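Colleague: Take a look at this one; I'll ask things after.
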Amino acid sequence: MKYLSKVAADYPASGIRRMFDLARQYDDVIKLTVGEPNFDTPDNIKEACVRALHEGHTHYNPNAGLEELREAVAQRYRHYSEAYTGENVMVTVGGMEALFLSLLTTVNPGDEVIIPDPGFPNYVGQVMMVGARPVTVPVCEQNRFKIRAEDIEKAITPKTKAILLNSPSNPLGSVLNQADIEAIAEVVLKYDLLVYSDEVYDRLIYDNGAYFSMGQIPGMQERVLIINSLSKTYAMTGWRLGYIVGSREIISNMPKLQEGIASCVPTFIQKAAVEALVGPQTAIGRMQADYSRRRDILVDGLNRIPGITCQKPPGSFYAFANIKSFGKTSQEFAEELVMGAKVVAVPGSAFGSMGEGYLRLVFANSDENLQEAIRRIDAFIRKGCTT
Ligand SMILES: Cc1ncc(COP(=O)(O)O)c(C=O)c1O
């Protein structure tokens, strides 16, 4: 171990990975674990990629990304601010690098960054990687799993540099509305903070709900970095295409850092991304309708099982089910579910201590698999196997 850096030694192991490893030992398991669309990338996007390869777009490109892609992204955000142009956009290797680069560009060692608990597990590790300290804010079921301005304010210290918001949330499925965001914006202004707004699920909103971002509040654009990617919206998780939208002052400092990390995002992938953003959006609507129906199959089914309760998530493709009545840790419950019901879900504790007593289940799966998963969990619990 003497050759390991502190970051490598301390980096938190993934609780999701642990479930994968356990599930691998069983046949015929239904996996409700992977946070990615169960659709293939739409054909028009794939074809644009192949075309780009044949046209010779196989070379380096500018660190910040292709101008046409940066402009296409900016266009998508003009309703946040009319002033956004391609110069407000940095193209990254997925949402993950968008998060990392945002932190690297703005946070110093010793700074504190506020993150939600439960939250996307990579936040903790990414904040650690830049030498900063993640400070968690509890997010509770009784508040419809929404992070509250007053709880954020309690976590602020003189070292706080930024707040990381994630709406719709992974793993909670909650969505912050305009009033929630405006209340948080007041705290942000009061303490002169920066906001990373992780919006990778912004198009996965159900029941005709409206999406609202901190980036839409007039005057906030200078202190908000919008993190997004094509992964979830366009079923492009494997393409690794993300971006950041923010002030020119911050964005203009990112290309030089990208030079030392990845140099640039593959050119033909960016060409396909332009097609994703400006081409027909019909497949997106279809996928969203499917997710909405599948959410109902899963959540309604869970609520019919004695001992389980689950709020209907207004966004994302995650359901966060309460299993506290069984009196077990969520890790124990999840492991028993794999062994006894052959259904794999992620224990809530993998997302932070506030996730204890919950289970995250992904409804980006076929109707049949979801129905079968519910049948298996129901049969398993009615047999009394977890009591
Ligand atoms: C909340 C959240 N942010 C960011 C990401 C990263 O997305 P990408 O696949 O584009 O790197 C994910 C992926 O699961 C996520 O759930």
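To keep it simple, each residue is scored yes or no on (1) assigned by TED's automatic domain parsing to the domain that holds VAL362; (2) part of a helix (DSSP H, G or I); (3) within 17 Å of LYS232 (Cβ to Cβ); (4) touching a residue at least 60 places away in the same chain (Cβ under 8 Å).
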residue	(1), (2), (3), (4)
GLN288	yes, yes, yes, yes
TYR291	yes, yes, yes, yes
ILE297	yes, yes, no, yes
LEU302	yes, yes, no, yes
GLY307	yes, no, no, yes
ALA321	yes, no, no, no
SER325	yes, yes, no, no
LYS328	yes, no, no, no
GLN331	yes, yes, no, yes
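Colleague: Moving on to the next point. Considering only residues that are within 12 Å of the ligand (Cβ to nearest atom) and within 24 Å of MET236 (Cα to Cα), look in region 102-139 and name the one that is surrounded by the most Cβ atoms within 10 Å (Cβ to Cβ).
Modeller: Here the answer is SER102.
Colleague: Let me ask you something else. Does ALA283 count as farther than 16 Å from LEU172 by Cα, surrounded by fewer than 19 Cβ atoms within 10 Å (Cβ to Cβ) and modelled with pLDDT under 95?
Modeller: So ALA283 fails the test.
Colleague: Looking only at region 119-146, which residues are without any contact (Cβ under 8 Å) to a residue 40 or more places away in the chain and within 16 Å of GLU97 (Cα to Cα)? Even if it seems obvious, please write down each step before you answer.
Modeller: Taking region 119-146 first, the residues without any contact (Cβ under 8 Å) to a residue 40 or more places away in the chain are 122, 126-127, 130-135, 137, 142-143, 146.
Those that are without any contact (Cβ under 8 Å) to a residue 40 or more places away in the chain and within 16 Å of GLU97 (Cα to Cα): ASN122, GLN126, VAL127, VAL130.
Colleague: Report yes if some residue within region 211-222 is within 16 Å of the ligand (Cβ to nearest atom), outside any loop (DSSP other than H, G, I, E, B) and either of a type in the set (S, T, N, Q) or surrounded by fewer than 21 Cβ atoms within 10 Å (Cβ to Cβ) (or both); otherwise report no.
Modeller: no
Colleague: If SER229 passes every condition in (1) surrounded by fewer than 16 Cβ atoms within 10 Å (Cβ to Cβ); (2) under 25 Å from SER167 (Cβ atoms); (3) modelled with pLDDT of 95 or more but one, which one does it miss?
Modeller: Checking SER229 against (1) surrounded by fewer than 16 Cβ atoms within 10 Å (Cβ to Cβ); (2) under 25 Å from SER167 (Cβ atoms); (3) modelled with pLDDT of 95 or more, the one that fails is (1).
Colleague: Could you look through region 333-364, keep only residues that are on the phi > 0 side of the Ramachandran plot and in contact (Cβ under 8 Å) with a residue 40 or more places away in the chain, and pick out the one that is surrounded by the most Cβ atoms within 10 Å (Cβ to Cβ)?
Modeller: My answer is GLY352.
Colleague: Something else: If you go through region 199-207 one residue at a time, do you hit one that is modelled with pLDDT of 95 or more, among the aromatic types (Phe, Trp, Tyr), away from the ligand (no atom under 13 Å from the Cβ) and within 30 Å of ARG286 (Cβ to Cβ)?
Modeller: Yes, because at least one residue in region 199-207 is modelled with pLDDT of 95 or more, among the aromatic types (Phe, Trp, Tyr), away from the ligand (no atom under 13 Å from the Cβ) and within 30 Å of ARG286 (Cβ to Cβ).
Colleague: Could I ask something else about it? Restricting attention to region 39-56, does a residue exist that is surrounded by 13 or more Cβ atoms within 10 Å (Cβ to Cβ), at pLDDT below 95 and out of contact with any strand residue (DSSP E or B) (no Cβ under 6 Å at 6 or more places or on another chain)?
Modeller: The answer is yes; a qualifying residue exists.
Conditions (1) assigned to a helix (DSSP H, G or I); (2) within 15 Å of the ligand (Cβ to nearest atom); (3) outside the structural domain of GLY246 (by TED's automatic domain parsing), marked per residue:
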position	(1), (2), (3)
LEU22	yes, no, yes
CYS49	yes, no, no
ALA52	yes, no, no
THR58	no, no, no
HIS79	no, no, no
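Colleague: Just give me the residues in region 325-353 being more than 16 Å from GLY15 (Cβ to Cβ) and within 25 Å of the chain's Cα centre (by Cα), in sequence order.
Modeller: Selection gives VAL343 alone.
Colleague: Report, by residue number, each residue of region 81-98 that is more than 16 Å from the ligand (Cβ to nearest atom), at pLDDT 95 or above and either among the hydroxyl-bearing types (Ser, Thr, Tyr) or under 21 Å from SER231 (Cα atoms) (or both).
Modeller: TYR84, THR85, GLY86, ASN88
Colleague: Further, regarding this structure: Quickly run through region 112-159 and pick out the residues that are basic (Lys, Arg) and under 16 Å from the mean Cα position of the chain (by Cα).
Modeller: LYS146
Colleague: Can you find a residue in region 244-256 that is surrounded by fewer than 21 Cβ atoms within 10 Å (Cβ to Cβ), under 21 Å from GLN75 (Cβ atoms) and at pLDDT below 95?
Modeller: No, the conditions are met nowhere in region 244-256.
Colleague: Turning to a different aspect of this structure: How many of the residues in region 292-332 are buried (at least 22 other Cβ atoms within 10 Å of the Cβ) and of a type in the set (S, T, N, Q)?
Modeller: 2
Colleague: Starting from region 93-104, take each residue that is outside any helix (DSSP H, G or I) and list its partners that are of a type outside the set (Ser, Thr, Tyr) and more than 10 Å from the ligand (Cβ to nearest atom), counting only C-beta distances under 7 angstrom and pairs at least six apart or across chains.
Modeller: VAL93/ALA262; VAL93/VAL265
Colleague: List, please: which pairs have Cβ atoms under 6 Å, are six or more places apart or on different chains, and start with a residue in region 17-44 that is of a type in the set (Asp, Glu) and end with one that is within 15 Å of the ligand (Cβ to nearest atom)?
Modeller: GLU36/THR237
Colleague: Whether any residue in region 244-260 is more than 16 Å from the ligand (Cβ to nearest atom), in contact with an Asp or Glu (Cβ under 6 Å, 6 or more places away or on another chain) and of a type outside the set (Gly, Ala, Ser) is what I want to check.
Modeller: yes
Colleague: Of the residues that make up region 231-240, is at least one assigned to a helix (DSSP H, G or I), more than 14 Å from the ligand (Cβ to nearest atom) and not assigned by TED's automatic domain parsing to the domain that holds SER292?
Modeller: Scanning region 231-240, I find no residue that is assigned to a helix (DSSP H, G or I), more than 14 Å from the ligand (Cβ to nearest atom) and not assigned by TED's automatic domain parsing to the domain that holds SER292, so the answer is no.
The values are calculated or read from the model by the stated rules, or taken from the named source; none is laboratory data. This structure is a prediction, so every number in the text was calculated from the model and none was measured. All Cβ positions, glycine included, derive from the backbone under ideal geometry; neighbour counts span all protein chains shown.
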